[in-house]
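Report on the structure given below.
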Amino acid sequence: MARILISAGEASGDIHAAAVTRELKNIAPDTEVFGMGGDCLREAGGEVLFDIKEHGVMGFAEIVCKLPALFKLKKAFAKVMEERKPDCLVVVDYPGFNMRLAKLAKAKGIPVVSYISPSAWAWHKSRAKSVAQIVNKVAAIFPFEYEVYKNAGADTEFVGHPLVDIVKPHLSKEAAWKKAGKNADRDLILLLPGSRLMEIQKMLPTMLQAAKLILKKRPDTDFTMPRAKTIPLKMMEDMVKAAGVPVKIIEGDNYDVMFSADLALATSGTVTLEAALCGLGSVIVYKTSPITAFIARRVINIPNIGLPNIVAGKRILPELLQEEFTPERLQQEALALLEPERNTQMKKDLAYVSERLGEPGAVHRVAELVLRIAEEKQ
């Protein structure tokens, strides 16, 4: 029986950790999976020892404020490692904390699999070398990620992107449209502000103001906002009410909703790639503290930050960052993407992004890899 310690610190990581957990138990039903995650990991049969609702954080400056809590969390993980003696640690995204956790596991002789690895291809390549020295295996989800980590000396395996397996509709078209609030004679725009409290606070007010401006130019438009389980419903309701714009807040069936919508206003992150796989284009936005932005602009070495643009190798979707992220610019870019000619080209570009993400089966390949590493430890 394999004992797998897993660490996912955010809502998107929770989805991926849950998918791997589910597949681990399909392959070997007696596998124990425990660690940090959320409701998705719990529903997949994992034991949630540390809930992600308490640990999501974004940005360089913001992390400093959370350091005491993160040190305490690391200490708690160390106790779990000593008491439950896992055969393998799987770290899912959340690199600021998870790489420190991986280093701790290595010191204790616990092999580490990095899945949704640190974005070394976006930062200085030395970051890949640092990861290579800590983890036993990198499960690469992008072809370009595989090359970067392999060249850095990491034991790397290209598994393909898990979203190809995960992003699928489940409802009938009629049920999906009803859930999404989609009407045949009206455009539906999704607001996707993020899954962390700081993202909601920084992104949602501007999105709501942009929605008001869009309605003035295009009255036949509806707005729907899926709620991440990490965000209090009342918080979102209060912000929508204060903005004075009609927005339907929904929970669950996110991919069905994305397949039903015409456009999204989305905070940069995994959700933009999920939307792309649904054929849904986004205006990609991001805003963080001035000091975090100052540092990022000096260390990020790629021209685009939106995942669909990175995968496509060119800017196929607009990006509004920092001072460019205003209600007026957001309205302008959204209305441009809804124009028929631009919309047709966007759909073709999104189809190309889907092709670049590889064949289905990534989650199964990751689960097999984890079990193989765990068995070698036993």
Against the condition out of contact with any strand residue (DSSP E or B) (no Cβ under 8 Å at 6 or more places or on another chain) and either assigned by the TED database to the domain that holds GLU319 or in a loop (DSSP other than H, G, I, E, B) (or both), how does ASP238 come out, does it pass? yes
Conditions (1) in contact (Cβ under 8 Å) with a residue 40 or more places away in the chain; (2) at positive phi; number of the one not met by GLY45: (1)
What about THR344, is it free of Cβ contacts under 8 Å to residues at least 40 places away in the same chain, over 30 Å from PHE158 (Cβ atoms) and more than 20 Å from the chain's Cα centre (by Cα)? yes
With respect to ILE200, determine if the residue is under 20 Å from the mean Cα position of the chain (by Cα) and among the β-branched types (Val, Ile, Thr). yes
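Counting only residues that are open to solvent by 40 Å² or more (accessible area, probe 1.4 Å) and closer than 19 Å to PRO360 by Cα, give me the helices (runs of 4 or more DSSP H) lying completely in segment 116-189 with at least 1 of them.
Hits in segment 116-189: 143-151, 163-166.
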Applying the selection to segment 1-30, what residues are crowded, with 22+ Cβ neighbours inside 10 Å, outside any helix (DSSP H, G or I) and not acidic (Asp, Glu)? ILE4, LEU5, ILE6, SER7, ALA8, GLY9
Scan of segment 112-136 for residues that are touching a strand residue (DSSP E or B) at 6+ places or on another chain (Cβ under 8 Å) and either of a type in the set (Ser, Thr, Tyr) or farther than 29 Å from LYS53 by Cβ (or both), ordered by number: SER114, TYR115, SER117, ALA132, ASN136
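Here is a yes/no grid of residues against (1) modelled with pLDDT under 90; (2) surrounded by 15 or more Cβ atoms within 10 Å (Cβ to Cβ); (3) outside the structural domain of ALA276 (by the TED database):
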site	(1), (2), (3)
PRO303	yes, no, no
ALA312	no, yes, no
PRO318	no, yes, no
ALA336	no, no, no
LYS347	no, no, no
VAL353	no, yes, no
Subset of segment 206-224 (residues that are assigned to a helix (DSSP H, G or I) and out of contact with any helix residue (DSSP H, G or I) (no Cβ under 8 Å at 6 or more places or on another chain)): LEU215, LYS216
Helices (runs of 4 or more DSSP H) contained entirely in segment 307-378, each with at least 2 residues that are in contact with a Ser or Thr (Cβ under 6 Å, 6 or more places away or on another chain): 307-312
Across (1) surrounded by fewer than 19 Cβ atoms within 10 Å (Cβ to Cβ); (2) closer than 30 Å to THR221 by Cα; (3) of a type in the set (D, E, K, R), GLU82 clears everything bar (2)
Restricting to segment 209-240, and then to whatever is touching a residue at least 60 places away in the same chain (Cβ under 8 Å) and under 25 Å from the mean Cα position of the chain (by Cα), can you tell me which residue is most open to solvent (accessible area, probe 1.4 Å)? LYS229
Would it be correct to say that VAL112 is more than 22 Å from VAL353 (Cα to Cα) and more than 20 Å from the chain's Cα centre (by Cα)? yes
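The values are calculated or read from the model by the stated rules, or taken from the named source; none is laboratory data. Fair warning: this is a prediction, and the values are worked out from it, not measured in the lab. Here Cβ is always computed from backbone atoms with ideal geometry, including for glycine, and neighbour counts include all displayed protein chains. Surface areas here come from the heavy atoms of the whole protein model, side chains and all, with no ligands, DNA or RNA. Shrake-Rupley method; radii C 1.70, N 1.55, O 1.52, S 1.80 Å.
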